[in-house]
Structure formats: C-alpha cells, structure tokens
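To start, the structure under review is shown below, and the notes come after it.
The values are calculated or read from the model by the stated rules, or taken from the named source; none is laboratory data. Bear in mind that the values here come from a model prediction, so they are computed numbers and not experimental data. Neighbour counts are summed over all protein chains in view; Cβ atoms, including those assigned to glycine, are modelled from backbone coordinates with ideal geometry. Please note that ligands, DNA and RNA were not included when accessible areas were found on the heavy atoms of the full protein model with its side chains. Shrake-Rupley method; radii C 1.70, N 1.55, O 1.52, S 1.80 Å.
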Amino acid sequence: WLGTDDRRRKDPEVFQTVSEGLKKLYKTKLLPLEEHYKFHEFHSPALEDADFDNKPMVLLVGQYSTGKTTFIRYLLEQDFPGMRIGPEPTTDSFIAVMQGDVEGIVPGNALVVDPKKPFRKLNAFGNAFLNRFVCAQLPNPVLESISVIDTPGILSGEKQRISRGYDFAAVLEWFAERVDRIILLFDAHKLDISDEFSEVIKALKNHEDKMRVVLNKADQIETQQLMRVYGALMWSLGKIVNTPEVIRVYIGSFWSHPLLIPDNRKLFEAEEQDLFRDIQSLPRNAALRKLNDLIKRARLAKVHAYIISSLKKEMPSMFGKDNKKKELVNNLGEIYARIEREHQISPGDFPNLRKMQDQLQAQDFSKFQPLKSKLLETVEDMLANDIAQLMVLVRQEESQRPTQMVKGGAFEGTLHGPFGHGYGEGAGEGIDDAEWVVARDKPMYDEIFYTLSPVDGKITGANAKKEMVRSKLPNTVLGKIWKLADIDKDGMLDDEEFALANHLIKVKLEGHELPNELPSHLLPPSKRKITE
C-alpha cells in the first residue's frame with residue numbers, strides 16, 4: 001500500500017476547467033497548510049470560490065483630482081451610479097463598478113455577505129471601511145468583460161490618513177492581490193508623491209507585474225514641459241518602486257473634452273491605443289493571472305510555515321517564554337537567514353521583516369505548530385506536478401475559446417472608420433481617394449526609372465537594387481518592399497511597380513510600418529485586373 005500511495009502522489013490530478021482546478025488545488029492542498037500555520041492572521045484571508053470565478057478587475061489608484069473617476073467614465077462612455085467628479089477630493093468611497101441588469105448601488109455591508117461577489121473577506125476591515133464601500137451596478141458592454149474599482153483620492157498629510165478610520169494601505173493591498181491590473185494615475189500638474197501615496201505604492205510592492213502608470217491631463221502642458229514632467233515622474237517612481245525594470249508609463253488625456261494643447265495629439269493617440277490593448281487583453285490572460293497568483297501565494301505560505309515552526313522550536317516548554325519571545329522577534333532577521341540557507345529559499349520570497357515583527361508581538365508563540373512535513377510535501381507536489389497540468393489546460397482553453405476582448409465604450413470608438421488609429425497614414429494614405437495615391441509623385445520616379453536602362457518597359461532586379469539601396473534601409477525591409485511591388489511576380493519592375501516600390505520606401509522612411517499584403521488602393525490601375 002505504500003507503493004500505491006506514492007504513485008497516487010506522483011500522478012497529477014485531472015481537471016475539466018482551469019477555474020475548477022484552481023479551486024480544488026487551493027482547498028485540498030494549500031488551504032490546510034495556511035490554516036495550520038495561521039497564515040490568514042498574518043498575510044491575507046482565505047480565498048473563496050468567487051475569487052476564482054470573478055471577471056478580471058482593474059484597480060485605479062491616485063492622489064485626489066488626478067482623473068480616476070473621469071477615466072472610468074471615459075472607458076464606459078456612460079455615467080455610473082454614485083459617480084462624483086470635481087477638483088476637490090470628491091470620491092470618498094471605494095466603488096466597485098460592475099455589470100448588472102439594472103442601474104443601482106449595493107452598500108458595503110450587503111456586498112460582503114453576497115457569496116457571488118469576491119468581496120466577502122473585506123468584512124475584516126470593519127464598519128468604518130464598509131460604510132465607505134459600495135458596488136455600482138449598470139448594464140454596459142465594457143463591464144461584461146471587466147470590472148473596475150475606483151478608490152478615494154489619496155491625500156497628503158498625516159492628519160487625513162489617521163481620520164480615515166481604517167487601514168487604507170491594507171485595503172489596497174487586499175485588492176491588489178485579487179485584481180488583474182493596477183493603474184496608478186498622476187496629474188501632469190501635481191507630481192509630488194505624498195507620504196500616504198508613497199506608503200500605498202510600497203504596499204503594492206509584490207505586484208509590480210500588474211502595475212501600469214498613466215500620466216493624465218498631459219494636453220494641458222507644452223511639449224518641452226511635458227518632457228520634463230515625464231522625466232520628473234520617472235525619477236520620483238524610481239525612488240519608491242524598487243525594481244531594475246522601468247515601469248510602463250502611458251501619457252495622454254483620458255476624458256472626452258477637446259485637447260487644450262493639441263501639439264502631441266499623435267503621441268496621445270498611440271499611447272491610448274497601447275493602454276486600451278493592454279486592458280483588452282485582460283480577459284484572455286485572466287486564467288493565467290489567477291494561476292500565477294496562486295503560485296505566489298503557495299510560495300509565501302511555505303515560507304510562512306518554516307518561520308512559524310522555527311519560532312515554535314525555539315520556545316522553551318516551561319519558563320521564560322516572554323523573554324524568549326522578545327529575543328526571537330528581535331532576531332527574526334537571523335531566523336530568515338537560517339531558513340534561507342537550510343531550505344534554499346530565495347530572499348525575495350520572505351515577507352517584510354519589520355511588518356512580520358510587528359505582527360508577531362501580538363501572537364501567542366505557544367499556540368504555534370511545529371513543522372509538519374506532510375503538509376509542505378503536498379504543496380511541493382502541487383507546485384511541481386498539478387500546476388504544470390493546469391498550464392496545459394490554460395493553453396487549451398485559450399485556443400478553444402473565441403478571442404476574448406473587452407468590447408464597447410471607448411474601445412469601440414477607434415476600432416473602425418476614419419478615426420481608427422493610423423487611418424489614412426503611412427501605407428493607408430490615399431485609401432479614400434479616387435486617384436492612385438502614387439501618381440502624385442510618379443513623374444519624379446519616372447525620371448529615375450528611365451535612367452536605369454529599362455528593356456521593353458521593365459528594369460531588372462539588379463538595376464532596381466542599385467537605386468533602392470540608396471534609401472539605406474536594411475535588406476530585409478527592401479526585400480519585403482520588392483515582394484509587395486513586384487505584383488506580376490516576373491522578377492522585374494515596370495514604371496508603375498517601380499513608383500510603388502519608391503512610395504513604400506518613403507512610407508518606411510517616415511517611420512510607418514509596411515503592410516504584410518498590398519492594400520487594394522495601392523495597386524497600380526493597370527494591375528488591378530490581374531489581381532482580380
């Protein structure tokens with residue numbers, strides 16, 4: 001029977017869906033370890049089914065009047081219940097903006113008893129928080145794919161921080177663990193990062209992969225000032241977000257009013273497009289994100305178990321418990337170093353030392369549990385085998401489903417028609433013109449063409465190459481231009497094809513991308529019958 005037990009542990013479990021697999025793994029393998037070593041009292045409450053089933057969530061964080069609520073209004077293209085906008089600190093509550101059949105507001109105390117919503121564990125933050133937490137429900141196509149969390153504007157100064165009545169940074173940390181994207185908003189006119197904002201960004205320390213930064217209201221300053229503001233923002237963030245990588249910053253003006261200074265319109269459009277693409281990809285990557293978060297949690301739970309069991313092992317059985325407790329808390333750094341050596345654990349997996357010392361002060365060490373290797377082996381087995389099985393299932397689900405993207409609202413506005421990003425520019429120039437766009441510069445190209453000794457109205461590839469390499473573009477790009485321009489595929493270019501090749505070179509030199517296939521409006525008039 002020993003052999004069968006061993007074999008059973010080595011065979012990964014079989015799951016039908018990623019969501020079901022995550023729930024089962026958490027409840028059967030990770031939760032027992034968390035409960036045994038009081039993980040929930042130190043780090044974060046237990047996960048529930050709704051945490052695995054809910055839609056991707058976007059958390060907006062920023063100082064007051066940076067345009068958080070206006071940003072949501074811009075995405076949805078619709079007002080939502082409880083929305084208040086103004087230059088003073090208006091949003092004084094956490095508002096979860098979610099899909100609902102009818103418009104309405106659900107207060108915090110009702111939200112935390114709803115098993116279908118992923119907010120039940122917010123109960124722990126008490127009434128002071130729940131009175132400042134609501135869910136705004138409304139029918140909107142954007143909310144069919146994602147939910148958005150609006151947060152109160154972060155204030156500067158110690159007095160306001162104390163008067164909140166609940167631990168603001170801890171609430172944001174709770175949300176950060178469960179959301180798919182965290183967007184930090186900055187106002188181009190107010191770059192100072194207050195103490196509370198700095199504390200909040202530090203609380204989000206383990207979630208840098210989810211963070212994006214938006215420099216909002218950038219249309220209100222000139223290009224030269226914008227460049228300086230961007231540099232100052234990166235410098236400020238560099239001091240707080242301790243990562244070697246640079247955080248992605250999107251620059252723009254996210255509201256539906258005319259641009260005050262339209263000089264950087266192209267830049268704002270390109271940045272908005274990038275940000276929208278990032279948000280639109282969330283539903284597609286949601287299962288992978290939940291899997292990633294479960295792995296993060298499992299690694300922390302493992303380290304936590306080693307810490308608690310080490311403290312238990314050091315405690316005396318009879319006398320001097322209080323003195324020993326003080327000594328152990330003070331020497332926690334040494335215990336971390338020992339665990340790191342003994343179990344080959346990366347220092348990045350350990351919880352914050354000072355925070356852990358503060359939490360340990362209030363604990364009774366005699367109630368801690370000794371090391372139970374079977375629980376740890378189960379989690380190790382989950383990380384080594386079951387997670388690999390789920391990774392395969394994630395890829396299968398992605399390939400079987402139609403492309404999941406956020407639709408509606410501001411995401412539709414630039415999708416089709418003349419206001420799509422890059423419409424009528426680069427290779428798209430002249431898309432709506434009755435005449436062939438290349439004809440404008442054809443006389444100039446013809447002069448060059450006839451100096452290249454054409455035979456029967458065509459020039460050879462070798463002769464065309466002599467002229468085309470003058471553009472200094474790499475051969476890979478020129479090769480692509482040749483394929484697009486040689487429409488009849490005879491290895492030679494006539495005057496129209498040569499003009500088209502030069503037009504495509506001009507498009508590339510102006511900084512635009514080349515199309516993979518030649519658009520119909522670029523086909524020379526005499527060749528249109530060939531392709532039909």
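Step through the residues of the stretch 45-62 one at a time and calculate ³J(HN,Hα) from phi using the Karplus curve (6.51 cos²θ - 1.76 cosθ + 1.60, θ = phi - 60°), rounding each to whole Hz and writing x for Gly and Pro.
x, 4, 7, 10, 4, 4, 5, 8, 9, 5, 5, x, 10, 10, 9, 9, 10, x
Could you check what % of the DSSP bridge pairs in the chain are antiparallel, to the nearest 5?
Rounded to the nearest five, the antiparallel share is 30 percent.
What residues have an amide H closer than 5 Å to that of Asn331, excluding those fewer than 5 places away on the same chain, when H is modeled at 1.01 Å from N in the peptide plane?
So Asn331 has HN proximity to no qualifying residue.
For the stretch 151-242, take the convex hull of the Cα atoms, compute a quarter of its surface area, and give me that in nm², please.
6.3
Please work out which option in [x] 34.3; [y] 36.4; [z] 27.3 gives mean projected area of the Cα convex hull in nm² calculated from these coordinates, and answer with its label.
[x]
Could you report the chain's accessible area per residue, 1.4 Å probe, as an integer in Å²?
Counting only protein heavy atoms, the per-residue value for the chain is 51 Å².
PRE reach from His512 (point 7 Å along Cα→Cβ): which of the stretch 436-466 fall under 12 Å by backbone N?
Within reach of a label on His512, which here means backbone N under 12 Å from a point 7 Å along Cα→Cβ, the stretch 436-466 contributes 437-438.
Using DSSP to call loops (not H, G, I, E or B), can you name the trypsin sites (Lys or Arg not before Pro) in the stretch 41-119 whose Cβ has at most 13 other Cβ atoms within 10 angstrom?
When the trypsin sites (Lys or Arg not before Pro) of the stretch 41-119 are filtered for loop state and at most 13 Cβ neighbours within 10 Å, Arg84, Lys116 remain.
Give me, ordered by chain and number, the residues 5 or more places off Cys135 or on other chains with an amide H under 5 Å from its own placed amide H.
Sorted by chain and number, the residues that satisfy this are Ala96, Val106.
At what distance in nm do the modelled label points of Lys527 and Thr460 sit from each other, each positioned 7 Å from its Cα along Cα→Cβ?
2.1
Specify whether the C-alpha gyration tensor of the stretch 15-169 places it in the rounded, prolate or oblate class, a ≥ b ≥ c being the square roots of the eigenvalues: rounded for a/c under 1.5, otherwise prolate if a/b is larger than b/c and oblate if not.
Cα axes put the stretch 15-169 in the oblate bin.
Helix hunt in the chain: which complete DSSP H runs extend at least 30 Å axially by C-alpha with mean Kyte-Doolittle at least -0.5?
282-314
Note down the nm distance, to one decimal, between modelled labels 7 Å out along Cα→Cβ at Thr223 and at Gln389.
Rounded to a tenth, the inter-label distance reads 5.9 nm.
What FRET efficiency comes out for the pair Lys313/Lys190, r = Cβ-Cβ distance, R0 = 56 Å, nearest 0.05?
Between Lys313 and Lys190 the formula returns 0.65.
Consider just the alpha-carbon atoms of the stretch 426-527 and return their Rg together with their Dmax, both in angstrom.
12.6, 35
Can you compute the FRET efficiency between Asp274 and Asp53 using 1/(1 + (r/R0)^6), with r the Cβ-Cβ distance and R0 = 30 Å? Round to the nearest 0.05.
Values: r = 29 Å, r/R0 = 0.98.
So the FRET efficiency works out to roughly 0.55.
Name the lysines eligible as straight-distance cross-link partners of Lys442: C-alpha to C-alpha under 24 Å, and not fewer than 8 places from it in the same chain.
Within the straight-line limit of under 24 Å, Lys442 reaches these lysines: Lys458, Lys465, Lys466, Lys472, Lys480, Lys483, Lys489, Lys506, Lys508, Lys527, Lys529.
For Glu35 and Glu327, FRET efficiency with R0 = 22 Å and r from the beta-carbon atoms, rounded to 0.05?
Here the calculated transfer efficiency is 0.20.
Under 5 Å between amide hydrogens, which residues at least 5 positions from Met211 or on another chain qualify, with H placed 1.01 Å from N in the peptide plane?
Close amide H contacts, sequence-distant or interchain: Ile182.
Lysine pairs, Cα distance under 16 Å, 8 or more residues apart or cross-chain: how many in the stretch 57-281?
Lysine pairs meeting both conditions in the stretch 57-281 amount to 7.
Regarding the stretch 57-281, what is the average projected area of its C-alpha convex hull, in nm²?
12.0
Using Cα centres only, tell me the gap between the stretch 160-204 and the stretch 287-340 in whole Å.
If we compute the Cα centre of each part, the gap is 27 Å.
Ser520 to Asp114: extension gain in nm, 0.36 nm per residue of separation minus the Cα-Cα distance?
140.7 nm
With the Cα gyration tensor of the stretch 261-361 giving a ≥ b ≥ c as the square roots of its eigenvalues, does the rule (a/c under 1.5 for rounded; else a/b larger than b/c for prolate; else oblate) give rounded, prolate or oblate?
prolate
Quick one: with all protein chains in place, what share of the accessible area of the chain is carbon or sulfur, to the nearest percent (1.4 Å probe)? Walk me through the intermediate numbers first.
Values: 13950 of 27080 Å².
Heavy-atom surface of the chain belonging to carbon and sulfur, 1.4 Å probe: 52 percent.
Please report the antiparallel percentage of the DSSP beta bridges confined to the stretch 57-281, to the nearest 5.
Counting DSSP beta bridges with both partners in the stretch 57-281, the antiparallel share is about 25 percent.
What longest region of the chain stays clear of chymotrypsin sites (Phe, Trp or Tyr not before Pro) that DSSP places outside H, G, I, E and B and that have at most 11 other Cβ atoms within 10 Å?
2-318
Taking the alpha-carbon distance from Lys326 and a cut-off under 13 Å, which aspartates and glutamates remain once sequence neighbours fewer than 8 residues away in the same chain are dropped?
By straight Cα distance, Lys326 reaches Glu314, Asp358, Asp364.
Simple spin-label model, 7 Å along Cα-to-Cβ: Thr17 to Leu260 in nm?
Placing both labels 7 Å beyond Cα along the Cβ direction yields 4.8 nm.
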